[in-house]
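Q: Sharing a structure with you now.
Here, each number is a calculation from the coordinates, and none is a lab measurement. These numbers were taken from a predicted model, which means no experiment stands behind them.
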Amino acid sequence: MRNYFIYILFFVLLSCSKKEKKNFIPIEYLYPIENIGNGKQFNYHRVGSLHEKNSVVNLSIIKNSKEQFLVKSEYCNGIKTDSIKTTLKGELLEIYNFNLLYKTQHEILKGKIIENKIIDDGSELGKRISKILYNGKYREVLVDQEEKFLYDTIINIDGLEHKALVTETKIKTLYKNNGIEYGNETLNKKSYYVKGFGLYSYGIESKDDSSKYFQMSIEDLKEK
């Protein structure tokens, strides 16, 4: 299986070109800022897999001078894959990847934010567009994606019904050498955001693999 877990990181790219709209996903469908405390750990489990394929997302608040920021880091089976820094309102500030170029180099890569905005396409939430470029020693990787709203739904959690919304993200990854494309990969991701919970479940489809993940639990982030 290709390393597609890196792409879950993009559900937090929420900034917008319009000042009056900072979040693509309505704030009430994200995990409440006031509940983060010293940090939360979101555990996701791959459904139907014969092998353990778990994804963990750590969410914490950090302070820099007089400002506060959100930091989200994802781990796949204990291996850190990415880290994202945003404002509390969801505006993307920095993004790093730890294994996007795992076949050619092993180091932390800072992404260059080429584009990250929400456009009005006539739909309920608009469309989120983002382009992130990672420059490695031997090649460049451009991650290009579009996320759009699909529909509202209801999800049952522990016997209680919760409002949810569903989005679809189309992701294309281009591999370049000296600016010349020599390969690409595409995948679709369907995400389910539950009111007050944030991202509850998601499914990934590609030519190589299809998988579904469901949130098992939200725990206090343990100090390392």
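Q: So which aspartates and glutamates pass the test for Lys207, namely a Cα distance under 12 Å, with those fewer than 8 places away in the same chain ruled out?
A: The reachable aspartates and glutamates, counting only those whose Cα sits under 12 Å from Lys207, are Glu185.
Q: Still on this structure: Given H placed 1.01 Å from N in the peptide plane, which residues other than close sequence neighbours of Asp82 have an amide H under 5 Å from its amide H?
A: Hits under the 5 Å cutoff: Glu74, Phe98.
Q: Then there is this: Structure shown: which of Lys40/Lys189; Lys85/Lys189; Lys176/Lys222; Lys112/Lys163 lie over 32 Å apart, alpha-carbon to alpha-carbon?
A: The answer is Lys176/Lys222; Lys112/Lys163.
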